[in-house]
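The values are calculated or read from the model by the stated rules, or taken from the named source; none is laboratory data. Just so you know, these numbers come straight off a predicted model, no measurement behind them. No Cβ is skipped: glycine too gets one built from the backbone with ideal geometry, and neighbour counts run over all protein chains shown.
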Amino acid sequence: MELSPLWISLKIALASTLFTFLFGLLAAWGVTYLRRGKHLVDGLLSIPLVLPPTVVGFLLLIAFGQHSAFGRFLNTVGIRLIFTWQGAVVAAAVISFPVMYRGARGAMEQVDENLIFAARTLGMREFTILRRVVLPAARPGIAAATVLSFARALGEFGATLMVAGNLPGKTQTMSIAVYTAMQGGDRALAFRWVLIIVCFSLTILVLMNVLTDRGYRRKSR
């Protein structure tokens, strides 16, 4: 049993989670305290959550394909995303971003506003408030959102297949390996990959619950 889909999936999930963590926190912080157009911005940031992954993959192909202006610009600077593992990272990041963003935003909205007002009264800048007040208070929810974002990226299939294709040893993830095995009639191999994915998913969910419970118990104390 070739294990390259496992390592490719982990590499893609880790890289995409790094992007979704950074940009998800900034987006959640900005939208939480946005005064106008909040619902529209929230909808635009959350739309990959409700769109079929193949539709997201199609839109990414339009955006980054060789026939698009941005795609041609990337080619001129030597960056290629279509049918590469970097493209799979982009697809997984776009699909999992709403999970991170909405989880972090929900955690930030639970922070006592009096703490933020007090920090502003003391002359703290907004980024300092985010770093020293909001993030420590919202840590359990953010940790849970990060774990779920990683899990979503680890199991991504539709958008990854559209953007990165099914190249064994390069872009073939565990989910795509299941699809390929079933297409080839090897149900035993598909079942083994399914077991691995289920074990990873269960471990991630248990870890999320442990982090959340410990964080809220520490917060209560």
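The set of residues in the stretch 14-54 being without any contact (Cβ under 8 Å) to a residue 60 or more places away in the chain, over 17 Å from the mean Cα position of the chain (by Cα) and assigned to a helix (DSSP H, G or I) consists of 30, 38, 39, 40, 41. Residue pairs whose Cβ atoms lie under 7 Å apart, sitting 6 or more positions apart in sequence or on different chains, and linking a residue in the stretch 105-118 that is within 12 Å of residue 28 (Cβ to Cβ) and of a type outside the set (A, V, I, L, M) to a partner that is in a helix (DSSP H, G or I) and at pLDDT below 85, are 105/32; 109/32. The condition of being farther than 30 Å from residue 196 by Cβ, touching a Pro at 6+ places or on another chain (Cβ under 7 Å) and not hydroxyl-bearing (Ser, Thr, Tyr) holds for only one of 49, 45, that being 45. The criterion of being of a type outside the set (Phe, Trp, Tyr), modelled with pLDDT under 90, surrounded by fewer than 20 Cβ atoms within 10 Å (Cβ to Cβ) and under 13 Å from residue 101 (Cβ atoms) does not hold for residue 37.
Counting only residues that are of a type in the set (A, V, I, L, M, F, W, C), surrounded by fewer than 12 Cβ atoms within 10 Å (Cβ to Cβ) and under 21 Å from residue 104 (Cα atoms), the stretch 40-70 holds 3 of them. Among the residues in the stretch 77-87, are any among the β-branched types (Val, Ile, Thr), surrounded by fewer than 20 Cβ atoms within 10 Å (Cβ to Cβ), at pLDDT 85 or above and over 29 Å from residue 15 (Cβ atoms)? Taking every residue of the stretch 77-87 in turn, none turns out to be among the β-branched types (Val, Ile, Thr), surrounded by fewer than 20 Cβ atoms within 10 Å (Cβ to Cβ), at pLDDT 85 or above and over 29 Å from residue 15 (Cβ atoms). Reported count of residues in the stretch 68-100, each being part of a helix (DSSP H, G or I) and touching a residue at least 40 places away in the same chain (Cβ under 8 Å), is 15.
For the stretch 177-206, the set of residues classified as over 18 Å from residue 167 (Cβ atoms) and not in a helix (DSSP H, G or I) consists of 185, 186, listed by residue number.
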